[in-house]
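This report concerns only the one structure given below.
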Amino acid sequence: MTLELDRITIARDGAPLVSLSARIEPGQVLTLMGPSGCGKSTLLAAIIGALPPVFALSGRILLEGRDVTALPIEHRRIGILFQEATLFPHLSVAGNLAFAQPRRTPDRGARIDEALAEAGLEGFGPRDPATLSGGQRARVALMRTLLAEPRALLLDEPFSGLDTDRRARIRDFVFQRARERGLPVLLVTHDAEDARAAGGHVLGVDGLETDL
Amino acid sequence: MPVRATTGARPPGAVALFPPLTVLLLAGPVLAGVAGVLLPAFGFMPALGGHALSLDPWRALWAWPGLAAAVRLSVVTGLAATAISLAITLLIVAAWHGTRSFALVTRALSPLLSLPHAAAAFGLAFLIAPSGWIARALSPWATGWDRPPDFLSVNDPAGLALIAGLVIKEIPFLLLMTLAALGQVDATRSALVARTMGYGRVSGWMKAVAPRVYAQIRLPVFAVLAYSMSVVDVALILGPTRPPTLAVQIVDWMNRPDLSHRFTAAAGAALQLALVVGILALWFAGERLAGALGRCWATGGARGRRLDPVLRPLALVLAGISAGAVFLGLAGLAIWSVAGMWRFPDLIPESFSLRHWQGQARGLGAAVQVTALIGVASTLAALVLAVGCLEREFRIRRPTDRRLSALIYLPLIVPQVAFLPGLTTLALVAGVGGTVAAVAVAHLVFVLPYVFLALSDPWRAWDTRCATVGHSLGAGPNRVLWAIRLPMLTRALLIAAAVGFATSVAQYLPTLLVGAGRVATLTTEAVALAASGNRRLIGVWAVMQMALPFTVFALALGLPALIFARRRGMAP
């Protein structure tokens, strides 16, 4: 599984905002750094297919060599994690995970229990998402994304809401799960520590390599 | 070569049909109704035997001796009720916005929105009547009366009771509309900035915030103006009788067994429409004038700090009188409904009895069924249409369609009495007059705007990243709608449904006219008792009329708490 951004340009009212090309190999992490408002999140929206109509996108997004640029979000199979875990408040933890499972998954319940165990959250299935700690929510959100069987993973500053100690642990947990599954990962952050921990290349929205 | 990429917008699919359907259901009946009034107003309505254009209907209208007084009443009542309720509303917000008293006042007033106008009017009538609670509380020690005095405090020829009844019901409406507008104009910070410059609370708010708030609540104000000029049920209960208001007289002509009076009614309805259009034009001119004067006032620099000690208590007193009149009135209705012997000037009855409730049980049961059926049907249809329009707007990722938003107000601004007679005639010609289904369709015209207004803000405030996450997990647009958005908006949907249901319950004129007098709801039955003067009977029906929408509101507020008892993230 590889994620390739082929001469991607995003412009608003004719003014270019983002311009880059990149190739992310399975299990690798590419980090995109820059101050807030520079267009990082806009790029992520473009990759998953949720770019607001005020922006104009050119270039191609290739997943495993296949052009997905014209597909709607739900057919791209690109998973995303936001800073606020964005768990659905009306569903239980298990309900959130079940929402992500493809319809023909065998043993749905057993797989949810496995995912919870993998995240160190045994028995959390019936819990209300609103009662979880920030770290627990982040782990549930990751397992939910993975249960949908994505072919690439985008991280939109998913560690920013966590304190330093928990941050390092969650970060390692996410990168390890992605490596095990061979997912290409695109991390967007303004934190140099996140970028160092990711271990891969670091780019700015202009497509140029950044030194940490 | 660059590829044209898809964005978050997607083809709307079948939901694209909802806006045109909504426009058709809102504007269609209004326009058809106006046409159905204008044609017979000039003598043309083959179904009623009018085959040639003529001015006879206008001559008949002209020959009615009460015309001048009725026109004057319509204009004075509309302008006075609108100006007074708008002034009190703005004063309350200017004087108390951001304080704990303000939160208390708004919490006390907001349930009144679900109260049918007729119930509030009956309550006020019982309060201010010569034998009402106010007279009883002051007698005989202050007034010397040991029997009810002989004067007209209800149905007074000047229409003062009518104006009062409209004001106490429109203040909660305008207040809630103002509250919704406050969030959109950055009111709190503007008011704060004005106060740091040394402005008093009231004058700072009036100068810095009120113009922007007013721009946001203009359409609701127009709706109040048009409604106050042409209301029928409140006028039947509180308004003058000889002559009545123009709107009441039109309905009287409509209900005469001799169908030729319908031509006179049509001419009257056309006149009523012209009056509302004319007064709206006058109001526009008044807005300009007030704007020019207000700019001079706002840039004059006067801080107005000494106004606060006078205006702030005054605002609280006015809010208290307004809310108190409604709540005491409702309490009065409830007590009359179970009163046995009740002599003047006793404050409470000597004995209590459920006799009238028992006597009316069968009639009440039947009316509740019909009322609930029409309310549920029109509310469900309105919810489906509103959700469809809002979902389309979301799927094509375009901002709010301003024309649709303005059109929503059309049935609220064109007076009911100006187009329902026409719609009634058309329903009669089509052979569906007098059916429950036709009444439900007529109710939908008024239920839909309120459901739309109640639902659109929470719908648009929903965090659309939940949809993005849902899509990225593989869910299509319909699954995101049904499994994420609608459940997350349960509370807003139920409140919108309760608002819609209350609107339907309160409808008097569409039920009476389109129902051809054969569809008996709680409201038509209650208002029909107005002339009887039987207070115990009126009490029974009016209590039932307010209890039904209140119950639905309580359910709408309570159900989400129950369903999502174990979901803290779903708390309001």
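All of the numbers you see were taken from the coordinates with simple rules; none came from a lab. All figures in this text were calculated on a predicted structure; none of them were measured in a lab. Here Cβ is always computed from backbone atoms with ideal geometry, including for glycine, and neighbour counts include all displayed protein chains.
Reported to the nearest whole Å, the Cα centre-to-centre distance from the range B:465-544 to the range B:113-177 is 28. Averaged over the residues of peptide A:119-132, the number of Cβ atoms from other protein chains lying within 10 Å of each residue's Cβ is 2.
Annotation for the range B:387-438 versus the range A:9-35: alpha-carbon center distance of 48 Å.
Other residues with beta-carbon under 13 Å from the beta-carbon of A:Leu183 carry, at +1 per Lys or Arg and -1 per Asp or Glu, a net charge of +1. Its alpha carbons give the range B:414-572 an Rg and a Dmax of 20.2, 65 Å.
Within chain A, DSSP assigns beta bridges of which about 55% are antiparallel (rounded to the nearest 5).
The mean sequence separation of alpha-carbon pairs under 8 Å and at least six residues apart, normalised by the residue count of the range B:8-109, gives a relative contact order of 11 percent. Most mobile of A:Gly161, A:Gly125, A:Gly37 per a Gaussian network model of chain A (Cα springs, under 10 Å)? Between A:Gly161, A:Gly125, A:Gly37, it is A:Gly37 that shows the largest mean-square fluctuation.
Annotation for the range A:109-212: GluC sites (Glu not before Pro) lying in DSSP loop with at most 16 further Cβ atoms inside 10 Å of their Cβ are A:Glu122. Each Lys or Arg adds one and each Asp or Glu subtracts one; over the other residues with Cβ under 12 Å from the Cβ of B:Ser456, this totals -3. DSSP beta bridges fully contained in the protein assembly as shown are about 60 percent antiparallel.
Secondary-structure-derived ellipticity at 222 nm for the protein assembly as shown, considering helices only, amounts to -19500 deg cm²/dmol, per-run term -39500 (n - 2.57) for DSSP H runs with n ≥ 4. Here each label is just a point 7 Å from Cα along the line to Cβ, and for B:Ala547 and B:Ala361 those points are 1.3 nm apart. In this structure the amide hydrogen of A:Thr2, modeled in the peptide plane, comes within under 5 Å of the amide hydrogens of A:Glu64, A:Gly65, none closer than 5 places in sequence on its chain.
For the range B:312-382, run through the trypsin sites (Lys or Arg not before Pro) and keep only the ones in DSSP coil with at most 13 other Cβ atoms within 10 Å of their Cβ.
Values: sites: B:Arg343, B:Arg355, B:Arg362; in loops: B:Arg343.
For trypsin sites (Lys or Arg not before Pro) across the range B:312-382 that sit outside H, G, I, E and B with at most 13 neighbouring Cβ atoms in 10 Å, the list reads B:Arg343.
Close amide H contacts of A:Ala152 (hydrogens built in the peptide plane, cut-off under 5 Å, sequence separation of 5 or more or a different chain): A:Gly79.
What number, in percent, do you get for the relative contact order of chain B if the mean sequence gap of Cα pairs under 8 Å and at least 6 apart is divided by its residue count? All intermediate terms of the calculation are to be shown ahead of the outcome.
On the way: 828 pairs, mean separation 137.2, N = 572.
Rounded, it is 24 percent for chain B.
Can you classify the range A:76-212 as rounded, prolate or oblate using the Cα gyration tensor, where a ≥ b ≥ c are the square roots of its eigenvalues, rounded means a/c under 1.5, and otherwise it's prolate if a/b beats b/c and oblate if not? The partial results should precede the final answer.
Details: a/c = 2.17, a/b = 1.61, b/c = 1.35.
Prolate, because a/c is 1.5 or more and a/b exceeds b/c.
With respect to chain A, whose longest principal axis is taken over its alpha-carbon atoms, helix A:108-118 is tilted by about 80°. Here the Karplus relation 6.51 cos²θ - 1.76 cosθ + 1.60, evaluated at θ = phi - 60°, turns the backbone of the range B:96-110 into coupling constants of 10, 4, x, 10, 5, 4, 5, 4, 5, 4, 5, 5, 6, 8, 5 Hz, with x for every Gly and Pro. Applying the Karplus relation 6.51 cos²θ - 1.76 cosθ + 1.60 with θ = phi - 60° to the range B:247-260 yields 3J(HN,Hα) values of 4, 5, 5, 4, 5, 4, 5, 4, 8, 5, x, 6, 5, 5 Hz, where x marks Gly and Pro. Please work out whether the range B:168-299 counts as rounded, prolate or oblate from its C-alpha gyration tensor, where a ≥ b ≥ c are the square roots of the eigenvalues and a/c under 1.5 means rounded, while otherwise a/b larger than b/c means prolate and anything else oblate? Cα axes put the range B:168-299 in the prolate bin. Residue by residue along A:53-63, Cβ atoms of other protein chains within 10 Å of the local Cβ number 3 on average.
Report the longest stretch of chain B that contains none of the chymotrypsin sites (Phe, Trp or Tyr not before Pro) sitting in a DSSP loop with at most 11 other Cβ atoms within 10 Å. Within chain B, the longest run free of exposed chymotrypsin sites (Phe, Trp or Tyr not before Pro) spans B:152-572.
Over all pairs of different C-alpha atoms in the range A:13-102, the reciprocal of the mean inverse distance, the Kirkwood hydrodynamic radius, equals 15.4 Å.
Pairwise Cα separations in the range B:47-102 fall into 10 Å bins from 0 onward with the following percentages, short to long: 18, 23, 20, 16, 12, 9, 2.
Measuring spread by the Cα atoms of the range B:1-82 yields a radius of gyration and Dmax of 24.2, 81 Å.
By the scheme Lys and Arg +1, Asp and Glu -1, what is the net charge of all other residues having a beta-carbon under 13 Å from that of B:Gly291?
Working: positive: B:Lys207, B:Arg212, B:Arg218, B:Arg288, B:Arg295; negative: B:Glu287.
Charge balance in the 13 Å sphere: +4.
Name the longest site-free stretch of chain A, where the excluded sites are trypsin sites (Lys or Arg not before Pro) in a DSSP loop with no more than 14 other beta-carbon atoms within 10 Å.
On the way: sites that count: A:Arg103, A:Arg104.
That would be A:105-212.
Residues in the range B:491-501 carry Karplus couplings, in order, of 4, 5, 5, 5, 5, 4, 5, 5, 4, x, 4 Hz; the curve used is 6.51 cos²θ - 1.76 cosθ + 1.60 with θ = phi - 60°, and Gly or Pro positions show x. Peptides B:45-51, A:152-158, A:69-75, ordered by how many other C-beta atoms sit within 10 Å of their residues on average, highest first, read A:152-158, A:69-75, B:45-51. Amide H contacts of A:Leu32: A:Leu187, A:Val188, A:Thr189, A:Leu203, each under 5 Å away and 5 or more positions distant or on a separate chain (H built 1.01 Å from N in the peptide plane; Pro and chain starts excluded).
For the range B:429-521, the relative contact order works out to 54 percent when only alpha carbon pairs closer than 8 Å and six or more residues apart are counted.
Quick one: grab the alpha carbon gyration tensor of chain B, order the square roots of its eigenvalues as a ≥ b ≥ c, and give me rounded if a/c is under 1.5, else prolate or oblate depending on whether a/b is larger than b/c. Rounded shape, in that the Cα axes give a/c under 1.5.
Share of Cα-Cα pairs in the protein assembly as shown beyond 51 Å, in percent?
On the way: 89746 of 306936 pairs.
Percent of Cα pairs beyond 51 Å in the protein assembly as shown: 29.
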